[in-house]
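The values are calculated or read from the model by the stated rules, or taken from the named source; none is laboratory data. These numbers were taken from a predicted model, which means no experiment stands behind them. Ideal geometry is used to build each Cβ from the backbone, glycine not excepted, and the neighbour counts take in all protein chains shown.
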Ligand code: HEM
């Protein structure tokens, strides 16, 4: 109990150290790809691994707000932006592998693929929506947009996650175990968001407290909007 | 010629069945002792497995085939660690990890149905049906990757001849072993087990169609469909059914496992065709295992000259 109380607030230096740890930890999947045996089909391994981690980090960033509510550790939210930006980072690598090794810069073929293959369409949709969220993830952008509009925009993260899961579901040949797990977890995350009543009130959205709610995933946004109506 | 036949058609079934240890079995499985004559007639076969383990190849005096490609072969390691064999799991590495539970001796193959002389063949008998040949074929998976594999086998036509198909026989149905004890993947209901595949009789009799019992000069590893599997090189890999226990001649087209699982995605023919896409992905290109970039996929996997006539006048968009 005492321990929990202690964890509720961390000093700024502690948070900075934690941020650095998270920053480095998120590079582990990439480091492993650099040194591991990529198997008989290295391109497939790269595609799958980067795709998985793009989705994993997206899900982790989505889990942060419910987790913060559950544990009362307010500083968790300050790790959210790092994790969410890593989702974008791995999505970029993922797309890069596809553009270079699957299509070798054949842009016409890529456009055809996006238009014709539902699983590519869904992946592309996710990726395109990630871009504005990444761009507006800086403190400056949050200030410029204003908390409310920013949160509005960042609700897109749920759409990104849903279409990411469909992307995965539609590409498997027969064994849907993998995407089914992600779908289940996503349902859990969405219901956690629905069930945790927002404690944030209008006043919480002034500039001062914004710095603690920044992140690519606008975790609280939906609930905040609801609470204000 | 006679001598060659005698050598390649002279396995030692008793030794094969009696062998206790894996390595010993591999030694005994050699198709002929390396006599001077044998050596003179020997087709040099590359056997990385054997080399690594300080053993001679299982099959030595294989007949070369004009159907073989001269393209660079996929490495033995990749060909035996990257497999689709859902009976042992759906990840590419699962078959290599899990297939050790498969018992390949004793093994029989029932050849039945519309046949004048249906009967059950012992695997060791099948090894002697016809001189074993090395066939270096391209293998194109429906998932848009490919390999080049030196199979050891014999024409399926030779086996079919033995059972004398009747006039009613129009198709051939193949069935994989069904035993969840040996094949843990069959405990899941992902596919309707046992795995069933089929060919038109003329496809089955085509000289390119073989039953394979080995690769790279060695006995077929379990993850590759031991002890006997089909190879139809102009069709997507899933047609080349593994670990066969039954071959049935039929009048009606067999309903294959993948047709049952996803009729919109998998047809009876499944000929490699860069112009007919899988509904969810393109078949225009493929990645040769070992390469980074994709290459164009060839019509009938490059065997058009030999097989295109089988499908003349057919709408291949419809009969995919
Ligand atoms: C234009 C954007 C995208 C393209 C072209 C693309 C393409 C692909 C391709 C070609 C595969 C492999 C299919 C296979 O090996 O059969 C794949 C797998 C995957 N992608 Fe994407 N993708 C895109 C965006 C995304 C995004 C934004 C995410 C996540 C947020 C994502 C997550 C995944 C996952 C989880 C897998 C499956 C990994 C596995 O099988 O273990 N993709 N994608």
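Only one residue in B:128, B:117 is at pLDDT below 95 and either under 22 Å from residue B:200 (Cβ atoms) or out of contact with any strand residue (DSSP E or B) (no Cβ under 8 Å at 6 or more places or on another chain) (or both), so which one is that?
On the way: B:117 fails: at pLDDT below 95.
Going through B:128, B:117 in turn, the sole match is B:128.
If the condition is being more than 11 Å from the ligand (Cβ to nearest atom), in a helix (DSSP H, G or I) and more than 14 Å from every other protein chain (Cβ to nearest Cβ), then the range A:22-50 contributes A:22, A:23, A:24, A:25, A:28, A:29, A:30, A:31, A:32, A:33, A:34, A:35.
Table: residues versus (1) within 28 Å of residue A:50 (Cβ to Cβ); (2) over 15 Å from the mean Cα position of the chain (by Cα); (3) away from chain B (no Cβ under 14 Å); (4) modelled with pLDDT of 95 or more.
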site	(1), (2), (3), (4)
A:164	yes, no, yes, yes
A:184	yes, yes, yes, yes
A:197	no, yes, yes, no
A:214	yes, no, yes, no
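Of B:185, B:167, all but one fail to be modelled with pLDDT of 95 or more, under 26 Å from residue B:255 (Cβ atoms) and surrounded by fewer than 19 Cβ atoms within 10 Å (Cβ to Cβ); the exception is B:167. Can you say whether residue A:76 is without any contact (Cβ under 8 Å) to a residue 40 or more places away in the chain and within 16 Å of the chain's Cα centre (by Cα), as far as the supplied structure shows? Judged against the criteria, residue A:76 is a match. Restricting attention to the range A:51-68, the residues that are more than 14 Å from chain B (Cβ to nearest Cβ) and either at positive phi or within 16 Å of the ligand (Cβ to nearest atom) (or both) add up to 12. Taking the criterion of being within 14 Å of another protein chain (Cβ to nearest Cβ), assigned to a helix (DSSP H, G or I) and under 27 Å from residue B:272 (Cβ atoms), the residues of the range B:90-138 that qualify are B:94, B:95, B:96.
Run down A:97, A:111 and say which single residue is in contact (Cβ under 8 Å) with a residue 12 or more places away in the chain, within 14 Å of chain B (Cβ to nearest Cβ) and within 12 Å of the ligand (Cβ to nearest atom). Working first, answer last.
Numbers: A:111 fails: in contact (Cβ under 8 Å) with a residue 12 or more places away in the chain.
Being in contact (Cβ under 8 Å) with a residue 12 or more places away in the chain, within 14 Å of chain B (Cβ to nearest Cβ) and within 12 Å of the ligand (Cβ to nearest atom) holds for just one of A:97, A:111, which is A:97.
When B:199, B:191 are checked against the criterion of being within 30 Å of residue B:64 (Cα to Cα) and either touching a strand residue (DSSP E or B) at 6+ places or on another chain (Cβ under 6 Å) or not in a strand (DSSP E or B) (or both), B:199 stands alone in meeting it.
Quick one: is residue A:71 touching a helix residue (DSSP H, G or I) at 6+ places or on another chain (Cβ under 8 Å), away from the ligand (no atom under 16 Å from the Cβ) and either touching a residue at least 24 places away in the same chain (Cβ under 8 Å) or under 16 Å from residue A:126 (Cβ atoms) (or both)?
Numbers: touching a helix residue (DSSP H, G or I) at 6+ places or on another chain (Cβ under 8 Å): yes; away from the ligand (no atom under 16 Å from the Cβ): yes; either touching a residue at least 24 places away in the same chain (Cβ under 8 Å) or under 16 Å from residue A:126 (Cβ atoms) (or both): yes.
For residue A:71, the condition - touching a helix residue (DSSP H, G or I) at 6+ places or on another chain (Cβ under 8 Å), away from the ligand (no atom under 16 Å from the Cβ) and either touching a residue at least 24 places away in the same chain (Cβ under 8 Å) or under 16 Å from residue A:126 (Cβ atoms) (or both) - is met.
The residue list B:233, B:263, B:253 contains one member that is more than 11 Å from chain A (Cβ to nearest Cβ), under 26 Å from residue B:96 (Cα atoms) and either outside any strand (DSSP E or B) or over 20 Å from the mean Cα position of the chain (by Cα) (or both), which is B:233.
Could you please find all residues in the range A:118-154 being more than 11 Å from the ligand (Cβ to nearest atom) and within 14 Å of chain B (Cβ to nearest Cβ)? If you could, list the steps in order and put the result at the bottom.
If we filter the range A:118-154 for residues that are more than 11 Å from the ligand (Cβ to nearest atom), which is where we start, we get A:118, A:132-154.
Matches in the range A:118-154: A:118 only.
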